[in-house]
Amino acid sequence: MGDAGTKSRHELRCPSLLRKPSLGKSHHDIVSQKRPHKPVTLDTMSENQHTTPASEKGPASAQGAAQAPALPAHPTDTQRPLLTDEQLAHLSANHPLRADTTADSPMLRALTGRPSSHRPVWFMRQAGRSLPEYRQVREGIPMLDACLTPDLAAEITVQPVRRHKVDAGIFFSDIVIPMKLAGVNVDIVPGKGPVLDQPVRTLDEVRDLPELKDSDLDPIREAVAATVEMLGDTPLIGFAGAPFTVAAYMVEGGPSRDHLRPRTMMHADPAAWHELAAWAARTAGQFLRAQIEAGASAVQLFDSWAGSLGESDYRRYVQAHSATALDMVREYGVPRIHFGTGTTALLPAMHEAGADVIGVDYRLPLSAANTLLNGAVPLQGNIDPALLAAGSENLYAHVDEVLAEGNAAPSHVVNLGHGVPPTTDPQVLTDLVAYIHEKTAN
Ligand SMILES: Cc1c2[nH]c(c1CCC(=O)O)Cc1[nH]c(c(CCC(=O)O)c1C)Cc1[nH]c(c(CCC(=O)O)c1C)Cc1[nH]c(c(C)c1CCC(=O)O)C2
């Protein structure tokens, strides 16, 4: 698939915006443009990743967490194509991966460890508040209503693909949408974030939580189907909040700095904690399944606040639940990205939960992340969002470093180390995408 084909399908509105920013000579020297990525098939990845005996995986699968489910087993099959016939059979006939629309896109190639024509790039929170066209279509519409209006969610998802020519769309939604659809009273308060009417702190409160029904997810399927139709051969990445991050909002009743209450609860009342995390894992898995069934070509599990946990608590109280969510979509064979912030100490444990690609935040150089993961895992990241407003000289010097660091990994999907800040000048992102595409073109 050629990149030009992608562009023409999207009726891109701003071709004149795509200029390469001026570069100092030194920028060209830092990244070797011709360095081929070491090809890694899904098979070798799964062999490398998933051969650790359960007994060596730490407390989550051994003695430490009596009530945590065991980590799921992973296949060790050799030499198979991107998707096996069995996996393809789980996807609808017109799914972009089955119809071969997105399977060879630069994004899917890099997410599956294969070489690509340029290094693909997308940005967490690329759709949303940084874009004037977003503010225009959202005017007067509360956030959760926007997420649950399929045509609007689809339009918002496609906006940054049109404008920036990123290599994937990220579905416009929120991590609290599954709980909202299940019937939990949650709202998004502007400038604050998700707030629940009733925090969930006791075993009884956990047991009173409504179960998410598959039919509750129909607005999501509809929005994803409309989005995929508009995106053509640009893949859509679906997502869900990971059990810890979602449960942290539920226990706190809203955003918090240190997530003290959920971290206390896992020790003080492990039975209630594990039931809550299991509920969050099931709803996350269902949310991801609905998005894949409706056409998402990859998914990302956001454990944005996992960095507040030490490794041993992560392994004991969280890892198996994240594994459940990831395992609920394993049969489809779509790449599963796992991302958190402040996770330097957690990367191997997050990978063991069953991810195919690890998202790295801006605190850790990609070569160091690659070493922690034994050089076996495609990486995503990790431009520091702060640099987007630091002037182009600083930004591009940093981006060159990130691209050079990414050479260490089996493959590299360029992203930020966390979401696009709301105050970002959109032109900075558009120019950055053009720069990365040109600099890494093979
Ligand atoms: C922190 C937060 C949440 N939910 C919200 C906040 C922000 C509070 C604020 O700053 O006003 C509310 C929210 N979430 C989103 C919006 C829309 C407008 C925007 O801010 O861009 C709004 C107003 C989009 C979103 N929120 C999310 C997505 C999907 C992922 C993506 O686009 O990368 C979108 C479009 C996912 C989300 N949602 C949440 C988390 C922790 C995550 C995971 C990603 C992350 O760590 O930032 C909870």
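The values are calculated or read from the model by the stated rules, or taken from the named source; none is laboratory data. Keep in mind the model is a prediction, meaning the values are calculated, not measured. Cβ: placed from backbone, ideal geometry, glycine included. Neighbour counts: every protein chain shown. Accessible surface is based on the protein model in full, side chains and every heavy atom, while ligands, DNA and RNA are left aside. Shrake-Rupley method; radii C 1.70, N 1.55, O 1.52, S 1.80 Å.
Hull surface divided by four, with the convex hull built on the Cα atoms of the stretch 50-440: how many nm²? Write out the running numbers ahead of the final one.
Working: hull surface 68.9 nm².
Computing the convex hull of the Cα atoms and averaging its projections yields 17.2 nm².
Can you tell me what the convex hull of the Cα atoms of the stretch 78-199 projects to on average, as an area in nm²? Intermediate values should be presented prior to the final figure.
Working: hull surface 42.0 nm².
Taking the Cα atoms of the stretch 78-199, their convex hull projects to 10.5 nm² on average.
In nanometres, what is the gap between the two model label sites at His267 and Asn394, each 7 Å from Cα along Cα-to-Cβ?
If labels sit at His267 and Asn394, their model points lie 3.9 nm apart.
At what distance in nm do the modelled label points of Thr344 and Asp100 sit from each other, each positioned 7 Å from its Cα along Cα→Cβ?
Spacing of the two 7 Å Cα→Cβ label points: 4.6 nm.
Is the stretch 111-151 best put as rounded, prolate or oblate by its Cα gyration tensor, with a ≥ b ≥ c the root eigenvalues, rounded for a/c under 1.5, and otherwise prolate when a/b is larger than b/c, oblate when not?
Numbers: a/c = 4.04, a/b = 2.46, b/c = 1.65.
The shape class here is prolate.
At 10 °C and a viscosity of 1.306 mPa s, what translational diffusion coefficient does Stokes-Einstein give for the stretch 218-355, taking Rh as the Kirkwood radius over Cα pairs? Give it in µm²/s as a whole number.
104
Using a Förster distance of 60 Å, how high is the FRET efficiency between Arg207 and Glu401, based on the Cβ-Cβ distance and rounded to 0.05? Don't jump to the answer; show the numbers that get you there.
Working: r = 50 Å, r/R0 = 0.83.
After rounding to 0.05, the efficiency reads 0.75.
Ordering His90, His398 from largest to smallest accessible area (1.4 angstrom probe), what's the sequence?
Numbers: His90 80, His398 40 Å².
Correct descending sequence by accessible area is His90, His398.
Can you tell me the dipole magnitude for the stretch 50-440 around its Cα centre, using point charges on the Cβ only (Lys, Arg +1; Asp, Glu -1), in Debye to the nearest 20?
Working: 30 positive and 46 negative charges, 82 e Å.
Dipole about the Cα centre, nearest 20: 400 debye.
With every protein chain present, what is the per residue accessible area of the stretch 50-440 (1.4 Å probe, Å²)? All intermediate terms of the calculation are to be shown ahead of the outcome.
Values: 13480 Å² over 391 residues.
For the stretch 50-440, the per-residue accessible area is 34 Å².
Please work out the C-alpha center-to-center distance from the stretch 84-107 to the stretch 137-215 and express it in whole Å.
Taking the Cα centre of each part, the stretch 84-107 and the stretch 137-215 sit 27 Å apart.
Suppose we look only past 15 Å in the calculated P(r) of the stretch 331-372. What percent of the Cα-Cα pairs does that tail hold?
Details: 312 of 861 pairs.
Taking all Cα-Cα pairs of the stretch 331-372, the fraction more than 15 Å apart is 36 percent.
Give me the aspartates and glutamates in straight-line cross-link reach of Lys192: C-alpha distance below 15 Å, same-chain residues under 8 apart excluded.
Filter leaves Asp174, Glu252.
Any aspartates and glutamates with Cα under 17 Å of the Lys439 Cα? List them, leaving off those in the same chain fewer than 8 positions away.
Cross-link targets: Asp3, Asp29, Asp167, Glu393, Asp400, Glu401, Glu405, Asp431.
Quantify, in whole percent, the carbon and sulfur part of the accessible surface of the stretch 50-440 (1.4 Å probe; protein heavy atoms only). The partial results should precede the final answer.
Values: 6580 of 13480 Å².
Here carbon and sulfur together make up 49 percent of the probe-accessible area.
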